[in-house]
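The values are calculated or read from the model by the stated rules, or taken from the named source; none is laboratory data. This one's a predicted model, so the numbers in the text were calculated from it and none came from an experiment. Counting neighbours? That spans all protein chains shown, and the Cβs are built from the backbone with ideal geometry, glycine included. Note: accessible area is taken over every heavy atom of the protein model, side chains too, but ligands, DNA and RNA are not part of it. Shrake-Rupley method; radii C 1.70, N 1.55, O 1.52, S 1.80 Å.
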Amino acid sequence: MNFDNLFQAQLDKLKEEGNYRVFAELQRKCGDFPRVQNHGEGQDEVTVWCSNDYLGMGQNPDVIQAMLDTVQSCGTGAGGTRNISGNAHHHKLLEAELADLHGKEAALLFTSGYVSNWAALSTLGSRLPNAVILSDALNHASMIEGIRHARCEKRVWKHNDVADLDRQLQELPANATKIIAFESVYSMDGDIAPIREIVEVAEKHGAMTYIDEVHAVGMYGPRGGGVAEREGLMDRITLIEGTLGKAYGVVGGYITGSHALVDFIRSFASGFIFTTALPPAVAAAARASIRHLKHSSYEREMQQHQVARLRARLDAEGIPHVHNDSHIIPVMVKDPVKCKMLSDILMEQFGIYVQPINYPTVPKGTERLRFTPGPLHSDEDIEYLVMALKTLWKQCAIAHAVA
């Protein structure tokens with residue numbers, strides 16, 4: 001059997017549907033973000049409009065210096081798993097910083113947000129007696145994978161529909177260990193969960209709450225603790241999960257909760273036990289970023305200002321985008337081929353990089369360009385982007401928004 005033919009057949013189908021993904025070959029330039037060097041086709045320098053480094057903290061001098069200093073003092077890698085020689089003092093300092101950020105007793109680091117969701121949910125679902133995980137219909141793939149691996153009963157409730165969640169909780173037997181898994185900010189549509197209502201329903205039914213704040217930590221709340229901090233709800237949530245790879249500008253994931261909960265995950269989660277630890281320099285840089293954003297609101301305020309400015313300009317030009325209360329601006333194209341074409345033209349002709357978001361990340365027919373303005377985007381950057389989109393909307397005969 002020719003296995004390559006089997007592989008290629010499915011790849012060809014993906015290309016025919018317009019859903020084949022091509023990576024842009026870019027190189028960030030220290031101190032010049034959102035400008036990056038382009039090693040692919042098109043202009044040599046492009047402006048990035050789809051980065052998850054939401055606040056530009058990957059360019060912050062204090063964060064860079066913390067990483068450099070720690071490399072000089074500790075070297076590069078951790079040297080092993082946390083259980084075998086890889087447990088560094090910098091890991092413990094960062095976990096203490098994260099626990100303080102979320103008002104929890106303890107925290108645990110993972111190599112990515114994907115791994116922290118997968119490891120924590122799979123461990124909770126597989127080891128707690130009679131576990132039932134109730135998952136929001138639009139939860140991230142990492143949460144879905146963790147729930148699948150748990151091999152416990154799963155219920156999917158309608159997206160952000162607290163009444164449906166309440167109904168499904170009522171149907172469960174009294175001896176069920178109920179775990180409600182949801183996100184605060186949903187990354188594709190940018191909508192925000194009704195966290196208070198979810199918590200109240202959870203408390204009514206004696207359920208555990210598991211919130212993914214990866215697109216919110218650093219971004220919301222007076223110290224960057226996320227939407228739950230902004231709403232004053234962190235103490236009522238059982239487990240808060242987050243990432244170091246978005247607003248904090250580094251890499252890694254984590255969970256926070258009680259001492260017993262965190263020790264339980266530490267002791268039983270294979271995704272933690274058998275994975276090489278984050279390099280100490282990464283932990284030090286992440287800690288510097290978190291400490292900075294606990295005390296500085298400037299980056300958040302500037303980012304929110306630029307988000308509002310871009311939304312207003314898109315509205316003025318009739319460019320259709322999803323209205324939400326977050327920092328994520330999905331500009332709707334609703335066609336995978338046109339979405340990829342627009343992305344290519346923006347890159348090659350205008351020096352604007354925004355990745356097309358197609359199936360399976362979003363449902364077919366909802367393809368979009370996902371913009372994430374940041375504090376380092378200038379007003380001139382926004383005007384240039386809107387001009388380019390206005391030009392292409394006319395050239396490609398894409399429907400404008402109805403006023």
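Pull up segment 120-175, narrow it to residues that are acidic (Asp, Glu) and not in a helix (DSSP H, G or I), then point me to the one that is nearest to Leu109 (Cα to Cα). I'd like the intermediate steps shown before the answer.
Keep residues of segment 120-175 that are acidic (Asp, Glu), which gives 136, 145, 153, 161, 164, 166, 171.
Then drop every residue that is not not in a helix (DSSP H, G or I), which leaves 136, 153, 161.
On the way: Asp136: 24, Glu153: 27, Asp161: 31 Å.
Step by step, filter segment 120-175, then rank; the result is Asp136.
Among what's in segment 162-194 and is free of Cβ contacts under 8 Å to residues at least 40 places away in the same chain and hydrophobic (A, V, I, L, M, F, W, C), pick the residue that is farthest from Arg236 (Cα to Cα). Before you say what the answer is, go through the steps one by one.
Residues of segment 162-194 free of Cβ contacts under 8 Å to residues at least 40 places away in the same chain: 162-171, 174, 194.
Next, only the ones that are hydrophobic (A, V, I, L, M, F, W, C) stay: 162-163, 165, 169, 174.
Numbers: Val162: 17, Ala163: 20, Leu165: 18, Leu169: 18, Ala174: 22 Å.
If we take residues in segment 162-194 being free of Cβ contacts under 8 Å to residues at least 40 places away in the same chain and hydrophobic (A, V, I, L, M, F, W, C), then Ala174 is farthest from Arg236 (Cα to Cα).
Let me confirm something: among Val362, Val337, Val354, which residue is of a type in the set (Val, Ile, Thr), buried (at least 22 other Cβ atoms within 10 Å of the Cβ) and touching a residue at least 12 places away in the same chain (Cβ under 8 Å)? First the steps, then the outcome.
Numbers: Val362 fails: buried (at least 22 other Cβ atoms within 10 Å of the Cβ); Val337 fails: buried (at least 22 other Cβ atoms within 10 Å of the Cβ).
Of the residues listed, the single one that is of a type in the set (Val, Ile, Thr), buried (at least 22 other Cβ atoms within 10 Å of the Cβ) and touching a residue at least 12 places away in the same chain (Cβ under 8 Å) is Val354.
Can you list the helices (runs of 4 or more DSSP H) found entirely within segment 207-290 that contain at least 1 residues being of a type in the set (Phe, Trp, Tyr) and either within 24 Å of His149 (Cα to Cα) or open to solvent by less than 10 Å² (accessible area, probe 1.4 Å) (or both)?
Working: elements: 227-230, 259-268, 270-273.
Once the helices (runs of 4 or more DSSP H) in segment 207-290 are filtered for at least 1 residues that are of a type in the set (Phe, Trp, Tyr) and either within 24 Å of His149 (Cα to Cα) or open to solvent by less than 10 Å² (accessible area, probe 1.4 Å) (or both), what remains is 259-268, 270-273.
On the given criteria, is Met302 at pLDDT 95 or above, open to solvent by 50 Å² or more (accessible area, probe 1.4 Å), out of contact with any Ser or Thr (no Cβ under 7 Å at 6 or more places or on another chain) and outside any strand (DSSP E or B)?
On the way: at pLDDT 95 or above: yes; open to solvent by 50 Å² or more (accessible area, probe 1.4 Å): yes; out of contact with any Ser or Thr (no Cβ under 7 Å at 6 or more places or on another chain): yes; outside any strand (DSSP E or B): yes.
Against the criterion (at pLDDT 95 or above, open to solvent by 50 Å² or more (accessible area, probe 1.4 Å), out of contact with any Ser or Thr (no Cβ under 7 Å at 6 or more places or on another chain) and outside any strand (DSSP E or B)), Met302 qualifies.
Determine which member of the set Leu68, Leu14, Leu93 is surrounded by fewer than 18 Cβ atoms within 10 Å (Cβ to Cβ) and in contact with a Phe, Trp or Tyr (Cβ under 6 Å, 6 or more places away or on another chain). Outline the logic, then answer.
Values: Leu68 fails: in contact with a Phe, Trp or Tyr (Cβ under 6 Å, 6 or more places away or on another chain); Leu93 fails: in contact with a Phe, Trp or Tyr (Cβ under 6 Å, 6 or more places away or on another chain).
It is Leu14.
Condition check: open to solvent by 70 Å² or more (accessible area, probe 1.4 Å) and under 23 Å from Leu346 (Cβ atoms). Does Asp62 satisfy that? Walk me through it before giving the result.
Working: open to solvent by 70 Å² or more (accessible area, probe 1.4 Å): yes; under 23 Å from Leu346 (Cβ atoms): no.
Here the answer is no, as Asp62 does not meet what is asked.
Got a number for residues in segment 365-384 being small (Gly, Ala, Ser) and surrounded by 20 or more Cβ atoms within 10 Å (Cβ to Cβ)?
Here is the first cut: in segment 365-384, the ones small (Gly, Ala, Ser) are 365, 374, 378.
From what is left, the residues that are surrounded by 20 or more Cβ atoms within 10 Å (Cβ to Cβ) are 374.
Matching residues across segment 365-384 total 1.
Closer than 16 Å to Thr243 by Cβ and open to solvent by 30 Å² or more (accessible area, probe 1.4 Å): is that true of Asn87 in this structure?
Working: closer than 16 Å to Thr243 by Cβ: no; open to solvent by 30 Å² or more (accessible area, probe 1.4 Å): yes.
The answer is no for Asn87.
Any residue in segment 130-141 that's within 23 Å of Pro360 (Cβ to Cβ): show its pairings with residues that are open to solvent by 50 Å² or more (accessible area, probe 1.4 Å) and aromatic (Phe, Trp, Tyr) at Cβ separation under 9 Å, as long as the two are six or more apart or on different chains.
His140/Tyr114; Ala141/Tyr114
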